Amino acid sequence: MAAEDEVRQASDRFYAALNRMANGDASPMSAVWAHSGDVTTMHPIGVREVGWDQVRPVWEQVASMCSGGQVRLHEQLIRVGTDLTYELGVEDGEITMAGERVAFNERVTNIYRREGGEWKIVHHHSDPSAAGNDLLRRLQPPPQ
């Protein structure tokens, strides 16, 4: 199988896991991510996380607030290297967070690394979500 096809399959697995997360179940993320200390995320709601020990709990936290969500990837562009590849695109969809419907349309960059013969995601970055960040601000308790 061509390397680009393998990366497309890894991307499909990541987006299937992302959609499960958007419906309250973050457990599939563990299978698609590398578990090393150098993996990173920059989510549309939040800050940068470094290392699987920081990345994993954020997926779990978001999943605990989410239901009825769907994420779609459009305008996918893949560039394949020997053991490192990247994917660009646009994510759009909608998600119910803390009972409130939030729509999004954001640019995204994903980086995959070949580990043990398969491609694992090592970085996910998407544009900030004004609607998602506004919702999180409203959910936080007022300062004392």
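Counting alpha carbon pairs within less than 8 Å and at least 6 residues apart, what relative contact order, in whole percent, applies to region 8-83?
Working: 88 pairs, mean separation 26.6, N = 76.
Contact order relative to length: 35 percent.
For S67 and N23 in one chain, what is 0.36 nm times their gap in residues minus the Cα-Cα distance, to one decimal in nm? List each step's numbers first, then the result.
Working: separation 44, 0.36 × 44 = 15.84 nm, distance 0.41 nm.
Value of the extension gain: 15.4 nm.
When N counts the residues of the chain, how does its alpha-carbon radius of gyration compare numerically with 2.2 N^0.38 Å, as a ratio?
Working: Rg = 15.1 Å, N = 144, 2.2 N^0.38 = 14.5 Å.
Cα-based Rg divided by the globular estimate yields 1.04.
Put +1 on the Cβ of every Lys and Arg and -1 on every Asp and Glu Cβ in the chain; which of T40, W59, Q76 then has its Cα farthest towards the positive end of the dipole?
Most positive-ward Cα: W59.
Tally Lys and Arg at +1 and Asp and Glu at -1 over the other residues with C-beta under 15 Å from the C-beta of R48: what net charge comes out?
Taking every other residue near R48 into account, the sum is -3.
Compute the helix-to-body angle for 52-65: its Cα long axis versus the longest principal axis of the chain, expressed 0 to 90° and rounded to tens.
Tilt relative to the chain: about 50 degrees.
Hey, what number do you get for the chain at 222 nm if only DSSP H runs of n ≥ 4 count, each worth -39500 (n - 2.57), divided across all residues, to the nearest 500? All intermediate terms of the calculation are to be shown ahead of the outcome.
Values: 4 runs with 47 residues, N = 144.
My calculation for the chain gives -10000 deg cm²/dmol from helical runs alone.
Take A31 and H74, extend 7 Å from each Cα along the Cα→Cβ direction, and tell me the distance between the two endpoints in nm.
In this crude spin-label approximation the distance works out to 2.9 nm.
Nearest 10 degrees, 0 to 90: what angle lies between the long axis of helix 3-21 and the longest principal axis of the chain (Cα atoms)?
20
Over region 3-138, calculate the relative contact order: mean separation of alpha carbon pairs under 8 Å at least 6 apart, over the residue count, as a percent.
On the way: 280 pairs, mean separation 33.9, N = 136.
Relative contact order for region 3-138 comes out at 25 percent.
Coordinate-derived values only; no laboratory data. This structure is a prediction, so every number in the text was calculated from the model and none was measured. Cβ atoms come from the backbone with ideal geometry, glycine included; neighbour counts cover every protein chain shown.
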